[in-house]
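Worksheet for the structure shown next.
The values are calculated or read from the model by the stated rules, or taken from the named source; none is laboratory data. The structure displayed is predicted, hence computed values, not measured ones. All Cβ positions, even for glycine, are placed from backbone atoms using ideal geometry, and neighbour counts span all protein chains on display.
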Amino acid sequence: MKVAYWPGCVSRGFTPELHGSMAKVAPLLDIELVELDRACCTGAGVIAEHNQELADTLNARTFALAQQVDGAELMMNICSTCQGAQSECQERLDANAEYRAHVNETLAGEGLSYEKGLTNKNFLWLLVEELGLDELRARVKRPLSNLKVGPFYGCYIVRPRDRLGIDDERPRDDYLHQVIDALGGTVIDYAGMRKCCGFPIITMNKEASLKQAGRHIGDAVDAEADCLVTPCPLCHLNLDLQQPLAAKTVGRELDLPVLHLPQLVGLALGLDPKELGFKRHVVRPTSVIDWSTSVVGASAGASSGW
Amino acid sequence: MAETTPTTAAAPRTATPEQFKLRMRRYDPESGDAPYWDEHTIELEPHRSVLEAILQARDRFDGSIGIRCSCRQAICGSCGVRVNGEPALACHTHLDAALKSSADGVIEIEPMGNMPVIKDLIVDMDAVHWTKIRRVTPWLIAKQPVPEREYIVPRESMIDVTQTMACIQCGACVSDCLAMEVDPGFIGPAALAKSYRFVGDPRDDQQFERLNDLAQDPEGIFDCTHCFKCVQACPKDVNPMGQIMRLRRIAIDDHQIVDQNNGERHEAAITGLVRNYGLLHEAELIPRSYGGNSWFAKFTPAAGKELLSSLPVIVRGLLRGKLNPRIAIFGHKIPSDDLKAVQAIYDKVESRDRSSGQRYELNLYIVGEDEQ
């Protein structure tokens, strides 16, 4: 399927391994990515805090650019924060024709216009709702057997439920569990899996921010997770890049690798950890690499008649 | 907004009673015993409330079960609890809905979080919730001179504060506030929503003073971690986090309050960087959030100190190839024509003046959705 692809800022900045691994994984899932390289930052909720109309207009521009992509079935992003920030703007734009016309008037100078009803899904949602878990399962080449994975969703992709379209039909706040399971991994439940990573207040209250990250990672360590997986690069910054400081703040050793969702999917689809940018993590995903090497070794042994 | 909103309004009144299992968290701090789980099976029609189930368990099996309640119709805010881990009013949660959201067929009921337990399902609202409400001066400080008769205020400005007036002080948002979980001193969602009630009231004389106080407090409006927990928890759709964002907006943009917590600088940094680059220039975010919205911010003492303390993180990021030196220095930009278009949007929208009513803010709580 062809999608208008919004990679966000951080996946092309401080977490380049996310954008890179998405590019590697997409062809294996028959997803054609048409990158929205003309679009701007969603504002991550902060521009909306500064000026709601400004955030709505900037995101309406992105939506309009997505609607111009020929043959694209929907818009896809790989960032929980982008998903949440865009969903908030889209909710207002779709709810009120007068407001939409007002915003479109600003976009008219560029010849753009947003039409109500864009479908915008995070990669996680697309995996479950478009590709389907059975199809995903069928494409797995290296099941994540015996790999204990703790899901970390990120706030923006699980709350508020109404805005994000979470209900009994589409339990999107459970999809990470379902995907880990479909990839053959063992889901590790722990207290912080749907809580806040603390990133939004890292410059305002660093101690509280790192305490949040440290506690959740610590909970996952106590639950014996081998790694965490997250669909949010901003969560990744606090959970991985800042993990050494988070460990100091909560006064315990953590050392828990944190994978981006496309990395975990890529691993199960048979890609090499090197191709997925594992070496760029601050907390080296040694346990995951050791696991994948032993699995590859075992399957190579099996195929050669050992 | 809360997921436990009743869905069985159409349930037939002749529904027959069914059995439901309850698992309640029991705790009496005065006993010296540890908390424990207590299970009872009650019998009620599925559309009846969790509160009725608790009361039946108390009447039939154990008169010592502690629960606070009064109106039984989601008005008084007394019976806030956690049902299957989520905050809810016990009287506003139907048994069939609660059963559906249970993990193992047993409806789990706990006291609210972030507040000390007095007994079983009763928490000490005074120690946390009401103390925080008092913190924000929750009354009108009238402009002088007070008119002889009534104040005349525009209808729309009173409609603007109706959302915060819908709060029934149940404490559900306080219970689940993730910032308060790590920083108990955070003023919190309910009290900050209450403060908007007066900040947004044109009769109040202390808008600047209220906002300056809440912005300068390290545990004030900039301590909110934007997790939407309170938005989800509120049974009355007060949207406390949305009110906190409005407090920030008015503090920064209408009063130009520069706080000591980097709140204003952080907002200016992100808004300014997106204006200059189209994308977030992450390497500039920390220095500008500490030192001000300029390339030279990194040479200020506040930013220098923070950068120095982050040096191990920066070096590790560079060594791992996480931080590309070129992007770290120059940032990444969208194509120049697009950047110009983005900047034109900034110019047009930011030139609208709030005081003249040109700034367009859409509150769906007030206006609702189109029918189309």
* To do: Within the range B:329-342, work out how many residues are more than 7 Å from chain A (Cβ to nearest Cβ), touching a residue at least 24 places away in the same chain (Cβ under 8 Å) and either over 23 Å from B:Arg275 (Cβ atoms) or out of contact with any Asp or Glu (no Cβ under 8 Å at 6 or more places or on another chain) (or both).
  => 3
* To do: Just need a number here: residues in the range B:228-255 that are within 12 Å of the chain's Cα centre (by Cα) and facing chain A (nearest Cβ under 7 Å).
  => 5
* If you go through the range A:175-225, how many residues are small (Gly, Ala, Ser) and touching a residue at least 60 places away in the same chain (Cβ under 8 Å)? -> 5
* Can you find a residue in the range B:203-224 that is in contact (Cβ under 8 Å) with a residue 24 or more places away in the chain, under 22 Å from A:Arg92 (Cα atoms) and surrounded by 18 or more Cβ atoms within 10 Å (Cβ to Cβ)? -> no
* Structure fact -> Given (1) more than 31 Å from the chain's Cα centre (by Cα); (2) in a helix (DSSP H, G or I); (3) buried (at least 19 other Cβ atoms within 10 Å of the Cβ); (4) within 11 Å of chain A (Cβ to nearest Cβ), B:Leu323 misses just (2)
* Please tell me if B:Ala103 is of a type in the set (A, V, I, L, M, F, W, C), closer than 22 Å to A:Arg194 by Cβ and either in a loop (DSSP other than H, G, I, E, B) or at pLDDT below 95 (or both). => yes
* To do: Scan the range B:256-276 and give yes if some residue there is within 8 Å of another protein chain (Cβ to nearest Cβ) and free of Cβ contacts under 8 Å to residues at least 12 places away in the same chain, otherwise no.
  => yes
* When only residues in the range A:138-164 that are within 13 Å of chain B (Cβ to nearest Cβ) and of a type outside the set (A, V, I, L, M, F, W, C) count, which is surrounded by the fewest Cβ atoms within 10 Å (Cβ to Cβ)? -> A:Asp162
* Does A:Gln90 satisfy the condition of being in contact with an Asp or Glu (Cβ under 7 Å, 6 or more places away or on another chain) and more than 11 Å from every other protein chain (Cβ to nearest Cβ)? -> no
* To do: Kindly list, by first and then second residue, each pair from a residue in the range B:81-109 that is assigned by TED's automatic domain parsing to the domain that holds B:Ser175 and surrounded by fewer than 17 Cβ atoms within 10 Å (Cβ to Cβ) to a residue that is assigned to a helix (DSSP H, G or I) and hydrophobic (A, V, I, L, M, F, W, C), limited to pairs with Cβ atoms under 8 Å and residues at least 6 apart or on different chains.
  => none
* Of the residues that make up the range A:178-190, is at least one within 14 Å of chain B (Cβ to nearest Cβ), acidic (Asp, Glu) and on the phi > 0 side of the Ramachandran plot? -> no
* What about A:Thr286, is it surrounded by fewer than 22 Cβ atoms within 10 Å (Cβ to Cβ), modelled with pLDDT of 95 or more and within 14 Å of chain B (Cβ to nearest Cβ)? -> no
* Structure fact -> Selection over the range A:20-58 where residues are more than 9 Å from every other protein chain (Cβ to nearest Cβ) and surrounded by fewer than 22 Cβ atoms within 10 Å (Cβ to Cβ) yields a count of 13
* Asked: Based on what the data block shows, is B:Ile345 β-branched (Val, Ile, Thr), within 22 Å of A:Glu98 (Cβ to Cβ) and at the interface with chain A (Cβ under 10 Å from one of its Cβ atoms)?
  -> yes
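Based on this model, can you work out whether A:Thr119 counts as modelled with pLDDT of 95 or more and buried (at least 19 other Cβ atoms within 10 Å of the Cβ)?
No: the conditions fail for A:Thr119.
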* Going through the range A:87-112 one residue at a time, which ones are touching a residue at least 60 places away in the same chain (Cβ under 8 Å) and surrounded by 22 or more Cβ atoms within 10 Å (Cβ to Cβ)? -> A:Glu88
* **Tally of residues being part of a helix (DSSP H, G or I) and away from chain A (no Cβ under 11 Å) across the range B:293-310** => 10
* B:Ala190 passes all but one of (1) over 10 Å from the mean Cα position of the chain (by Cα); (2) part of a helix (DSSP H, G or I); which number fails? -> (1)
